[in-house]
Amino acid sequence: MTMQTTQLTTSDPAAQAVVDLDAIAHNVRLLREHAGSAQVMVVLKADGYGHGATQVARAALAAGAAELGVATLDEALALRRDGVTAPLMAWLHAPGADFAAALTADVQVAVSSARQLGDLLDAAARTGRAATVTVKVDTGLSRNGASSAEFTAMLPVLAKARADDAIRLRGIMSHLACGDDPDSPVNDLQAQRFSEFRAQAHDAGVAFEIAHLSNSPAAMTRPDLAYDMVRPGIAVYGQTPIASRGDMGLVPAMTLKCPVALVRSIKAGDAVSYGHTWTADRDTTVALLPLGYADGVFRSLSGRIDVMINGRRRRNVGRICMDQFVVDLGPGPVDVAEGDDAILFGSGAQGEQTAQDWAELLGTINYEVVTSPRGRISRVYRGGAATDPTGKSR
């Protein structure tokens, strides 16, 4: 389910994933610095990793991104409908995909097989539009991408199509399996295989304009693999691509928050939520928050997360339910009122938990955390032309 998107207003009481576009811009500028002379293609798949593809695209382009990338044709066409005109490529296609709409919308297409190339050439013939083509090759991920044998079969077809002006040969690309381990020998092996694919194409008279291999971690740590362009994804959104190296100068762009729905007192011995997994050991006050696992707050985080309310972290108690959970405010005077903001995760700048904290608790990666808010959570935006989130002048 796609989240509703609105502009940020202080009076809106709904649960919100607040996206800081200044943080997006900061991260893109940092990635450009790491890329050196290479260009930056910002990856916007899965609706901008849950941040909103169109808004992120505009912020990233304003910060110097040269191109945009998505997984599917539908994602690309949605950006075009929203008025995004920058160079844009899609690379994951189901069997029977009709590339005609993509060609009409000036979407670049990456193909991974002779069949996909044939379907693309068919669309070019039907539309009368030359296709801008990238070939994705498999250098060791064993996922999407043409094998050596498949690539060999594609080369004469590419050469003829280029001679017939049916295509523009834009790029050759691959994807790293172990980019998050910069010292892994797999990275060097994949780079070697990538070079072999390029040499084979050159010998066959197939000249690509650009080559690109690096994902976020490689873009940050392996300048020798930058080639002509890097393709960062998670780093654009401020999430570290290598947890052991800390934030790497990136600024997380998403803050997940909701209003306190109810404040109530309970007595020592009162138990909370399904299964009574937590029982108060003293008289205390609890707050009810109107988010749950249907909204992307994982049930397995029950009793393990802290929520920031009015500058203090409050521990979740009892099980997280489908659409609500409870936090313990503690005994004594109550400094929390219904309607106060509760921050589930954010940048960490105010001491709140981060998406990376959640990922470590869950035994997963920050990608899964930031792509999970959904349903009743509205996505809203701040920044875009104001100050740098690090406090540095521009």
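With crowded, with 21+ Cβ neighbours inside 10 Å, more than 30 Å from the chain's Cα centre (by Cα), modelled with pLDDT of 95 or more and not polar (S, T, N, Q) as the only criterion, which of 225, 329 stands out?
Working: 225 fails: more than 30 Å from the chain's Cα centre (by Cα).
After ruling out the rest, the residue left standing is 329.
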Checked the range 44-60 for anything within 15 Å of residue 254 (Cβ to Cβ) and either touching a Cys at 6+ places or on another chain (Cβ under 7 Å) or among the β-branched types (Val, Ile, Thr) (or both); matches are 56
Please enumerate the residues belonging to the range 114-149 that are in contact with a Gly (Cβ under 9 Å, 6 or more places away or on another chain) and under 20 Å from residue 200 (Cα atoms). 133, 134, 135, 136, 137, 138, 139
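Applying the selection to the range 337-359, what residues are in a loop (DSSP other than H, G, I, E, B) and touching a Lys or Arg at 6+ places or on another chain (Cβ under 8 Å)? It would help to see each step written out before you state the result.
Keep residues of the range 337-359 that are in a loop (DSSP other than H, G, I, E, B), which gives 337-340, 347-353.
Answer for the range 337-359, where residues must be in a loop (DSSP other than H, G, I, E, B) and touching a Lys or Arg at 6+ places or on another chain (Cβ under 8 Å): 351, 352, 353.
Considering only residues that are among the hydrophobic types (A, V, I, L, M, F, W, C) and within 25 Å of residue 340 (Cβ to Cβ), look in the range 1-44 and name the one that is modelled with the lowest pLDDT. Walk me through how you get there before you give the answer.
Initially, the range 1-44 is screened for residues among the hydrophobic types (A, V, I, L, M, F, W, C), giving 1, 3, 8, 14-15, 17-19, 21, 23-25, 28, 30-31, 35, 38, 40-44.
Applying the additional criterion that residues be within 25 Å of residue 340 (Cβ to Cβ) yields 3, 8, 14-15, 17-19, 23.
Details: 3: 57, 8: 40, 14: 86, 15: 96, 17: 98, 18: 98, 19: 98, 23: 98.
The extreme case among them is 8.
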Wholly within the range 202-290, which strands (runs of 3 or more DSSP E) include no fewer than the required count, namely at least 2 residues that are free of Cβ contacts under 8 Å to residues at least 40 places away in the same chain? 262-266
Within the range 312-326, can you find the residues that are open to solvent by 60 Å² or more (accessible area, probe 1.4 Å) and not basic (Lys, Arg)? 322, 324
Test: residue in the range 43-65 that is open to solvent by less than 30 Å² (accessible area, probe 1.4 Å) and either over 19 Å from the mean Cα position of the chain (by Cα) or among the aromatic types (Phe, Trp, Tyr) (or both): yes
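The values are calculated or read from the model by the stated rules, or taken from the named source; none is laboratory data. Keep in mind that this is a model prediction, so the values were computed, not measured. Don't worry about glycine lacking a Cβ; one is built from the backbone with ideal geometry, like all the others, and counts go over all protein chains shown. Surface accessibility is based on the protein's heavy atoms, side chains included, excluding ligands, DNA and RNA. Shrake-Rupley method; radii C 1.70, N 1.55, O 1.52, S 1.80 Å.
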